[in-house]
Amino acid sequence: MYKRKIYRQLLSRLKEQRKFIQVLAGPRQTGKTTLVHQVLDGLTIPTHYVSADQPSLQNEIWLEQQWEVARLLIKNSQNRSAILVLDEIQKLPNWSNTIKSLWDEDTMNKIALKVVLLGSAPLLIQRGLTESLAGRFEIIPVPHWSFSEMKDAFGFSLDEYIFFGGYPGAAEFIHDHQRWKSYINDALIETTISRDILLMNRIDKPALLRRLFFLGCEYSGQILSYTKMLGQLHDAGNTTTLAHYLQLLSGAGMVTEIKKYAGERVRRRASSPKLNVLNTGLMTAVSNFDYYSAKKDSVFWGRLVESAVGAHLINNATQNNLEIYYWRHINKEVDFVIKQNQSLVAMEVKSGLTGSSIVGLESFSKLFNPSKILLIGNQGITIENFFSKPIDFWL
């Protein structure tokens, strides 16, 4: 669903006469490289693809050399333009300043080189872009795979998607739980933490960041204050450090916080966050549950379903201009509050077989008068139907 949209978007932009740096940013194993190669296959323009994620040390000189190779494609062909694709760009030191210099040089000399940047650490990519490349780029977010994409590509059932999440590289291992679990932990979790976070950022307490990730998985779908988090982590650190680490985990596509909706931004910032994994495969891979035992545990499965809905909303919030919140007052709660411009939607997720109270939705409606109320699950929109349509369909 979303990858087809991204494919069309990138293809259209590369065919345009006007020139912007196209930036595909998203977590590991969301198909960025495959998608770009598919787009390039549909074009007749000469292309040069290189990745900075290689054993040999890459630096600014290497980047300048690759740029020059792409320039020569224009000189040595009948085409007036060429495409340079730089994968894992965040691995290069001072990459944004170097690209700014080369890009501005091409603009001055009227060299029609089109550039695509790929990165698996969206937060670092964003930082480099805003610091040096303002006005020269367009970002195309590449989120985790949706249910429709996993179903179409690998035949996933709804329950399989809820448990195993949207990791295409691990799909072939789902019938061998230990192998699937090892793949997620070794190839994704450990690689992301060690190479995309710890190696690329100054982290004074790496052990705390790792424990925070596991805590986020354990408490996904639950509200937890920073003070309580520190207590759970048995650390005497400050809440500012914890908030920063959670921001890094979110930027790497792992665990994020959902803020409380209060109609006032000051109060939202001061509230306790609700934790949510950005791919339920992370949550289950570090748990003691396998697929069958998870389905038998109604409490854990309920948290998985709510986390899957939250991940679906958050992963696609940027493309759809959405702000995602939760709401709680005393013992009344709404799972998700979706704000799009001036429109407000309240959403409750019910995964159980028996009816349950919607008093939270009723109280929220009286206070904030949302434009729409959605009940996902029991006696409402089926979870499969909700996942099968674009988010803007429900808004």
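Reachable aspartates and glutamates from Lys110, Cα under 17 Å, same-chain residues fewer than 8 places away excluded?
Result set, ordered by chain and number: Glu16, Glu68.
Output wanted: per-residue J couplings in Hz (rounded whole) for region 218-231, from phi through Karplus 6.51 cos²θ - 1.76 cosθ + 1.60, θ = phi - 60°, x for Gly and Pro.
Result, ordered by residue: 5, 10, 4, x, 10, 8, 8, 5, 4, 5, 5, 4, 4, x Hz.
Grab every C-alpha pair in region 1-88, bin the distances at 10 angstrom width from 0 up to the longest one, and report whole percents.
The percentages, shortest bin first, are 14, 46, 33, 6.
So if we plug the beta-carbon distance of Ile139 and Val359 into 1/(1 + (r/R0)^6) with R0 = 45 Å, what FRET efficiency do we get, rounded to 0.05?
0.65
Using a Förster distance of 30 angstrom, determine the FRET efficiency expected from the C-beta separation of Gln54 and Ser293, and round it to 0.05.
Given R0 = 30 Å and the Cβ-Cβ separation, E is 0.15.
Strictly over 21 Å apart at the Cα level, which of Lys3/Lys32; Lys181/Lys228; Lys274/Lys339; Lys339/Lys389; Lys228/Lys259 would you flag in this model?
Checking Cα-Cα distances, Lys181/Lys228 exceed 21 Å.
If you place +1 on the Cβ of every Lys and Arg and -1 on the Cβ of every Asp and Glu, how big does the dipole about the Cα centre of the chain come out, in debye to the nearest 20?
The dipole of the chain has a size of about 960 debye.
Could you please report the charge total around Gly310, scoring K, R as +1 and D, E as -1 over all other residues with beta-carbon less than 9 angstrom from its beta-carbon?
Surrounding charge for Gly310 is -1.
As a test of the formula, what do you get for the chain when each DSSP H run with n ≥ 4 contributes -39,500 (n - 2.57) and the sum is divided by the residue count, at 222 nm and rounded to the nearest 500 deg cm²/dmol?
About -13000 deg cm²/dmol.
How far, in nm, would the chain grow between Leu43 and Ser101 when pulled straight, counting 0.36 nm per residue and subtracting the alpha carbon separation?
18.2 nm
Share of antiparallel DSSP beta bridges in the chain, in percent to the nearest 5?
Among the beta bridges of the chain, antiparallel pairing accounts for roughly 35 percent.
Please list the non-local residues whose amide H lies under 5 Å from the amide H of Thr47, H modeled 1.01 Å from N, same-chain partners needing a gap of 5 or more.
Placed amide hydrogens put Ile83 under 5 Å from Thr47.
Based on DSSP loop calls and a cut-off of at most 12 other Cβ atoms within 10 Å, the longest stretch of the chain free of exposed trypsin sites (Lys or Arg not before Pro) is what?
Of all site-free stretches, the longest is 203-395.
So if each residue of separation counts as 0.36 nm, and I subtract the Cα-Cα distance between Glu64 and Lys228, what length gain in nm does that give?
54.2 nm
Which Cα, out of Asn201, Ser293, Ile140, lies furthest along the positive dipole direction of the chain (beta carbon charges, K/R +1, D/E -1)?
My answer, from the dipole projection, is Ile140.
Could you check the simple spin-label distance between Met108 and Ser388, using points 7 Å along Cα→Cβ, in nm with one decimal?
Taking the two extended label points, one gets 5.7 nm.
Using amide H atoms built in the peptide plane, which far-off residues or other-chain residues are under 5 Å from Phe137 H to H?
Long-range HN contacts for Phe137: Ile21.
No lab work stands behind these numbers, since they all come straight from the coordinates. In this text, all values refer to a predicted model and were calculated from it rather than measured experimentally. Glycine also receives a Cβ, built like all others from the backbone with ideal geometry; neighbour counts cover every protein chain displayed.
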